[in-house]
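Just so you know, all these numbers are worked out from the coordinates, no wet-lab data involved. For clarity, every value in this text was computed on a predicted model and none was experimentally measured. Every residue, glycine among them, receives a Cβ derived from its backbone with ideal geometry; neighbour counts consider all protein chains shown.
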Amino acid sequence: MAGDLRKRLKKLLGRYEVTTILAVLLLGCIFSLFSSSFLTSYNLFNLGRTAAIYIFISIAQALVIIVGGMNLSLGFIGGLTVVAVGYSIQEAGIPPMLAVLIGLCVGMIAGLLNGIVITAFRLNSFVVTLATSFIFTGLINGISQGYPYDQIPPSFTLIGRGGLFSVPYVLWLAILALAILGYVFKYTVVGRRVLATGGNIEVAKMSGINTNKTIILANVGSGLFAALAGILWISRTGSAQPSTGADWMLISFAVAVIGGTVLKGGVFNPIGMFFASLLIVMVKNGLVMLNANVYFEQAYLGVILLLAVSLESIRFLLNRKKMKRHLKEQQLIEGKGKE
Amino acid sequence: MLELKDISKIFPGVKALDSVSLSFLPGEIHALMGENGAGKSTLMKIITGIYQPDSGEIFYDGRKIEMRSFRDAVEHDINMVSQEIQVIPESTVAENIVLDRIDKFKNTWKLDWNRINETAQIYMDLIGLDLSPTDKVENLSAAYKQLIQIAKALSSNAKYIILDEPTSSLTTFETVRFIEIIKELKKKGVGVIFISHKIEEVLSLCDKVSVLRDGKYVGSRTCENLQRQDIVKMMIGREENLESLGALPVKEEKVLEVRDHTTYGQFNKLNFYLKKGEILGFYGLVGSGRTELLRQIIGADKKDGGELIINGKKAIIRSVEEALESYGIGYVTENRKEEGLVLDFSVTTNVGITIWKKILNKVRKIKTSEESEIVEKMIQKMAIKTPTDKTKVGTLSGGNQQKVSIAKWLAADCDILMIDEPTVGVDVGAKVHIHELIWNLALKEEKSIILVSSDMPELIKLATRILVFKDWKIVGELDYLNVESKDYSRISSHIGEYLT
């Protein structure tokens with residue numbers, strides 16, 4: 001009975017996201033011990049809002065990592081969306097709801113562009129999204145001339161600033177998005193096919209999967225979630241800043257990877273991503289609370305990211321060693337059986 | 001003398017070498033033979049330090065040596081010319097020859113090109129390579145590239161050279177020349193370890209043959225007065241005649257007809273058909289175009305012309321998706337690790353990948369319980385040895401991986417199955433099981449099967465008709481095979497006639 005429990009505990013600890021959850025709890029304890037303002041409802045609410053945006057950004061990245069690619073342009077897709085929405089409302093006088101729809105379309109079209117170029121010319125997603133990054137940046141600067149659109153109606157900030165049961169609306173939305181994607185990847189043909197494409201594109205193709213379709217779809221999804229993140233950012237700040245998204249690319253990789261999205265593709269881990277975004281936000285926020293030098297913030301994040309990826313690798317090496325030992329034992333037993 | 005004692009090597013799921021002992025002499029051409037997966041290349045990688053044995057020892061002239069890398073092997077005067085041509089095309093002949101020691105040619109801080117070219121010339125002369133050391137390697141023929149690799153091996157002063165299927169990429173003319181050079185090496189006292197599948201070549205060239213089977217050492221024979229059958233018997237562990245499985249109730253109806261199949265640079269107006277319930281064998285050497293033909297038929301690769309008739313109707317297949325979903329054609333790849341299985345995914349996902357669309361409920365959600373049921377049935381039917389259906393396929397043994405690779409197409413319930421080299425790298429037990437399975441698919445489920453195999457006994461045992469492929473053409477057809485008992489030697493010599 002006790003052995004059974006231990007086995008189960010071991011299995012639980014072996015799950016990828018458990019490490020991240022433990023790290024979140026540990027950091028939470030440390031920060032609340034050393035800073036009285038960390039564990040306040042105001043601070044936690046703010047943490048939740050930022051974490052939610054990070055979740056959307058990292059979903060945008062994870063979707064393409066899953067098919068074995070990457071998206072360097074997602075921050076600029078976000079920025080382009082913000083400019084599109086701001087321009088629609090302020091310059092064109094389009095009602096906010098419609099402007100949001102336009103923004104989402106802009107994001108999806110940008111993703112579609114990435115996906116089509118990648119598949120039609122069989123190019124590496126790195127180079128394609130690097131190039132489109134420049135295109136999107138150019139569009140952002142050209143349309144906005146660098147000025148923010150700040151005549152956003154107050155109703156627009158309802159979702160970005162309000163909350164339910166003292167949890168911000170945006171975080172509820174993020175959780176909903178993760179849950180929907182979790183379902184899609186587990187129970188729908190499209191989701192499974194996207195995963196299989198990332199698992200091994202040749203195998204997927206030879207198993208009757210239209211891999212061009214799955215890759216394009218993942219890129220459109222990536223654009224959609226980048227656009228959602230951009231719109232929620234407007235909703236949070238109350239103004240449409242053209243500089244939105246400039247720092248998203250690194251964050252998106254950090255959250256996705258710490259959250260257990262394997263860089264070579266084929267894996268989606270919603271729970272891991274949820275806690276990874278909390279982890280990143282807490283590090284940023286906690287350091288401020290501890291009066292650490294914020295100019296070094298990026299360095300701390302880098303160290304955490306390195307730790308996270310090494311952990312995966314260390315775990316892999318340990319597992320391999322264990323498997324090898326197991327196989328050796330098994331063969332010895334089999335050998336004896338034959339004699 | 002280079003001596004191996006009780007060498008064993010274990011890979012996940014398979015004992016690649018099981019206490020193999022062998023010795024090689026200087027001035028001897030020693031052939032190493034065995035079927036695919038017998039352990040030849042693993043053994044060679046151990047001799048050259050690329051792999052370390054799990055147990056066993058290596059002695060060089062009576063002295064025990066330990067090698068941790070290929071560099072160590074070179075230090076011990078052992079070198080290898082691998083099967084694939086490994087040269088740097090952008091570099092010169094001389095550069096390629098001295099590549100692994102190029103740092104020895106430094107003149108304070110710059111390379112001494114004169115000395116490099118002179119040194120290379122010595123070894124080029126040794127094997128009669130009539131090129132200039134400063135020629136670019138890029139545009140040379142495969143034979144020259146092989147010879148450059150040999151010069152490179154010699155230039156390290158190798159006393160033992162391993163040649164891994166060196167003639168597989170050479171033309172007949174080039175091979176003659178190549179063999180001359182190997183004989184020269186022998187005269188100079190170099191020990192040559194020669195890996196080849198070509199029995200005739202081995203018999204005419206080598207002094208001694210050693211055979212491995214399923215990772216075990218079977219025996220060694222001197223080549224004098226040795227017959228082809230003797231080697232085959234050692235390699236496959238029995239006489240070449242196999243028990244016959246009987247005859248199949250093949251229908252007259254043609255389920256697949258390929259007319260004037262053309263792909264520029266490959267096929268020119270190829271024609272063949274497949275009858276309902278038959279097992280049509282494709283025999284030919286590697287590179288004769290069998291796999292390419294099948295890939296083009298199922299839409300994985302493009303063809304340039306020709307018609308496809310499926311069940312009497314004209315068909316156009318542009319992708320594997322269409323082949324599967326519109327025409328019920330499945331293709332079991334010869335390359336399960338790269339094209340057949342997602343090694344990091346579970347058995348369930350790998351088997352289920354072809355059926356997701358068929359097991360949706362009203363809101364288009366995949367019915368996971370039905371998926372598990374089908375997968376469970378396949379695990380039973382194929383006798384796949386796996387801890388659970390959630391186990392990663394990559395951790396299973398080669399034979400069981402192959403069974404999963406076949407199972408996914410059985411689950412898809414295809415009417416036409418194309419099975420490419422189903423038993424490569426599969427142990428004997430699994431091989432027998434896969435044979436029975438293929439036979440029963442045709443016999444009991446009326447599946448129509450195209451079976452590609454380079455394993456002649458396997459093909460003769462299973463096929464009810466054989467097409468012989470050579471240089472992208474069908475050069476012969478054996479249509480008298482659907483009988484109760486088959487005369488193996490007559491059939492194999494008949495195939496041999498077509499090939500020459």
Extending each Cα 7 Å along its Cβ direction at B:THR262 and B:ASP130, get the distance between those two points in nm, one decimal.
4.1
Computed, not fitted: 222 nm per-residue ellipticity of chain B from DSSP H runs ≥ 4 (each -39500 (n - 2.57)), nearest 500, equal to -10000 deg cm²/dmol
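At 0.36 nm per residue, and after removing the present C-alpha to C-alpha distance, how many nm does the segment from B:SER91 to B:GLU436 gain when stretched out fully? Don't skip to the answer; put the middle values down first.
Numbers: separation 345, 0.36 × 345 = 124.20 nm, distance 5.18 nm.
Extra length available between B:SER91 and B:GLU436 comes to 119.0 nm.
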Sorted by mean Cβ packing within 10 Å, highest first, what order do the peptides B:64-72, B:27-35 take?
B:27-35, B:64-72
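By DSSP, what percent of the beta bridges with both residues in chain B are antiparallel, rounded to the nearest 5? If you can, show how the numbers build up before the last one.
Values: 44 of 79 bridges.
Within chain B, antiparallel bridges account for around 55 percent of the total.
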Inter-probe distance in nm under a simple model that places probes 7 Å from Cα toward Cβ, at B:THR222 and A:TRP172:
9.1
Quick check: Cα centre of region B:5-35 to Cα centre of region B:380-431, how many Å?
28
With just the Cα atoms defining each centre, how far is region A:291-314 from region B:141-160? Give it in Å.
50
Longer than 28 Å from Cα to Cα, which of B:LYS216/B:LYS444; B:LYS208/B:LYS233; B:LYS40/B:LYS473; B:LYS40/B:LYS385; B:LYS357/B:LYS461 are they? Say none if no pair is.
B:LYS216/B:LYS444; B:LYS40/B:LYS473; B:LYS357/B:LYS461
Estimated distance in nm for a label pair at A:ILE135 and B:LYS314, the labels positioned 7 Å out from Cα along Cα-to-Cβ:
3.9
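Given a Förster distance of 56 angstrom, what is the FRET efficiency for B:TRP109 paired with B:THR391, based on the Cβ-Cβ distance and rounded to 0.05? Can you show the working numbers first?
Details: r = 56 Å, r/R0 = 1.00.
That pair, B:TRP109 with B:THR391, gives E of 0.50.
Given a Förster radius of 56 Å and the C-beta distance between A:ASP150 and B:GLU446 as r, what FRET efficiency does 1/(1 + (r/R0)^6) yield to the nearest 0.05?
Values: r = 73 Å, r/R0 = 1.30.
E(calc), rounded to 0.05, equals 0.15.
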Once you keep just the Cα pairs under 8 angstrom separated by 6 or more residues, what percentage relative contact order results for chain B?
15
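If you take each beta carbon of peptide B:315-322 and count the beta carbons of other chains within 10 angstrom, what is the mean?
Details: counts 0, 0, 0, 0, 6, 8, 7, 2.
Per residue, the average neighbour count from other chains is 3.
Can you figure out the FRET efficiency of A:PHE126 with A:LYS213, using R₀ = 30 Å and their beta-carbon distance, to the nearest 0.05? Can you show the working numbers first?
Values: r = 21 Å, r/R0 = 0.70.
That gives a FRET efficiency of 0.90.
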Top of A:PHE126, A:PHE56, A:PHE165 by mean-square fluctuation, Gaussian network on chain A, Cα under 10 Å:
A:PHE165
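If eta is 1.567 mPa s and T is 4 °C, what Stokes-Einstein diffusion coefficient results for region A:56-170, Kirkwood Rh from Cα pairs, in µm²/s? Before the final figure, lay out the partial values.
Values: Rh = 15.5 Å.
For these conditions, the coefficient is 84 µm²/s.
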Pairs to check: B:LYS358/B:LYS408; B:LYS152/B:LYS183; B:LYS275/B:LYS314; B:LYS251/B:LYS447; A:LYS213/B:LYS313; B:LYS337/B:LYS408. Give those whose C-alpha atoms are more than 20 Å from each other in this structure.
A:LYS213/B:LYS313
Rank by packing, highest mean first: peptides B:387-399, B:100-112, B:287-299, with packing defined as the count of other Cβ atoms within 10 Å averaged across residues.
B:287-299, B:387-399, B:100-112
Distance from region A:24-73 to region B:214-235 (C-alpha centre basis), Å
66
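Based on the mean of other Cβ atoms within 10 Å per residue, sort peptides A:21-33, A:196-208 so the most packed one is first.
Values: A:21-33: 15.2, A:196-208: 24.2.
Highest-to-lowest ranking by the protection proxy: A:196-208, A:21-33.
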Averaged across the residues of A:185-194, what count of C-beta atoms belonging to other chains lies within 10 Å of each residue's C-beta?
4
Phi angles of region B:185-201, converted by Karplus (6.51 cos²θ - 1.76 cosθ + 1.60, θ = phi - 60°) into ³J(HN,Hα) in whole Hz with x for Gly and Pro, give 4, 4, 4, 7, x, 7, x, 10, 9, 10, 9, 7, 9, 8, 4, 4, 4
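Please give the average number of partner chain Cβ atoms lying within 10 Å of the Cβ of each residue in B:344-356, rounded to a whole number.
Numbers: counts 8, 7, 0, 0, 0, 5, 4, 0, 2, 10, 3, 0, 9.
Taking all residues of B:344-356 together, the mean is 4.
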Above 49 Å lies some portion of the pair distances; for the protein assembly as shown, what is it as a whole percent of all C-alpha pairs?
34
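Run lengths n ≥ 4 of DSSP H only: what is the helix-derived mean residue ellipticity at 222 nm for chain A, with -39500 (n - 2.57) per run over all residues, to the nearest 500?
Result for chain A, helices only: -26000 deg cm²/dmol.
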Classify region A:41-311 as rounded, prolate or oblate from the Cα gyration tensor: take a ≥ b ≥ c as the square roots of its eigenvalues, call it rounded if a/c is under 1.5, otherwise prolate when a/b beats b/c and oblate if not.
oblate
